[in-house]
1. How many of the residues in the range 1-34 are within 18 Å of Gly113 (Cα to Cα), crowded, with 23+ Cβ neighbours inside 10 Å and out of contact with any Asp or Glu (no Cβ under 9 Å at 6 or more places or on another chain)?
2. Of all residues in the range 83-97, which are open to solvent by 70 Å² or more (accessible area, probe 1.4 Å) and either over 19 Å from Met119 (Cα atoms) or touching a residue at least 40 places away in the same chain (Cβ under 8 Å) (or both)?
3. Looking at Lys153, Lys165, which one is assigned to a helix (DSSP H, G or I), open to solvent by 90 Å² or more (accessible area, probe 1.4 Å), basic (Lys, Arg) and modelled with pLDDT of 90 or more?
4. What is the number of the single condition among (1) open to solvent by 30 Å² or more (accessible area, probe 1.4 Å); (2) more than 14 Å from the chain's Cα centre (by Cα) that Phe146 does not meet?
5. Being closer than 20 Å to Gly112 by Cβ and charged (D, E, K, R) is the filter; apply it to the range 63-77 and report the residue that is least open to solvent (accessible area, probe 1.4 Å).
6. I need every pair where a residue in the range 1-30 that is over 18 Å from Asp62 (Cα atoms) has its Cβ under 9 Å from the Cβ of a residue that is in a strand (DSSP E or B) and at pLDDT below 95, sequence separation at least 6 or different chains.
7. Inspect all residues belonging to the range 1-16 and state whether any of them is in contact with a Lys or Arg (Cβ under 9 Å, 6 or more places away or on another chain) and either in a helix (DSSP H, G or I) or more than 19 Å from Ala121 (Cα to Cα) (or both).
8. Given the criteria at pLDDT 90 or above, of a type in the set (Val, Ile, Thr), part of a helix (DSSP H, G or I) and closer than 19 Å to Arg24 by Cβ, does Val59 qualify?
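The values are calculated or read from the model by the stated rules, or taken from the named source; none is laboratory data. This one's a predicted model, so the numbers in the text were calculated from it and none came from an experiment. Because the Cβ atoms are built from the backbone with ideal geometry, glycine has one as well, and the counts that use them run over all protein chains shown. Only protein heavy atoms, including side chains, enter the accessible area calculation; ligands, DNA and RNA are left aside. Shrake-Rupley method; radii C 1.70, N 1.55, O 1.52, S 1.80 Å.
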Amino acid sequence: MTVRAVCPGSFDPVTHGHLDVIRRASNTFDHVTVACMRNVSKRGGLFELDERLEMLEEVTADLPNVELAVFKGLLVEFARDNGINVIVKGLRAVSDFEYELQMAQMNHSIGGGIETLFMSANPDHSFLSSSLVKEVARFGGDVSAFVPPGVEKRLLAKYAETHVKSHDES
């Protein structure tokens, strides 16, 4: 039996933490779909969906069993429609666990056999979040240790004008 997994997220932007979970899932499962979505519980994103997909394509190009997809709606419906057996979620801290456990239990209840597996974050990336990376980049901080080079370049370009304006106003 082929075990197909999905790594869902908004990936706004993709970080080394995301990439670590995707790579580890790729080594664990026969096929991995990285499903990019707009998270309705978060305010508007920095990057458009097509930009996020371009970044994901760049950083997963060396993973032959990984494909990218976009979804709206319920993750379990996306998984069921695409023959996916497992949802893989990365966990950084206890606070992630509490939220993700609720989601996993709901998905189990409505998912018809689709399992959720938690993958603990690599300690080197356990503090990383897209939100923190964006905050550092917004104020001109160095994010090169947190995101792949192509993502860093895009972040710098997004914030270049804002950063110049914020220095001019002080």
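1. Matching residues across the range 1-34 total 2.
2. Once the filter is applied, which keeps residues that are open to solvent by 70 Å² or more (accessible area, probe 1.4 Å) and either over 19 Å from Met119 (Cα atoms) or touching a residue at least 40 places away in the same chain (Cβ under 8 Å) (or both), the range 83-97 yields only Arg92.
3. None of the others qualify; the one that does is Lys153.
4. (2)
5. The selected residue is Glu77.
6. Gly9/Gly90
7. Looking through the range 1-16, none of the residues is in contact with a Lys or Arg (Cβ under 9 Å, 6 or more places away or on another chain) and either in a helix (DSSP H, G or I) or more than 19 Å from Ala121 (Cα to Cα) (or both).
8. Yes; evaluated as a whole, the condition is true for this residue.
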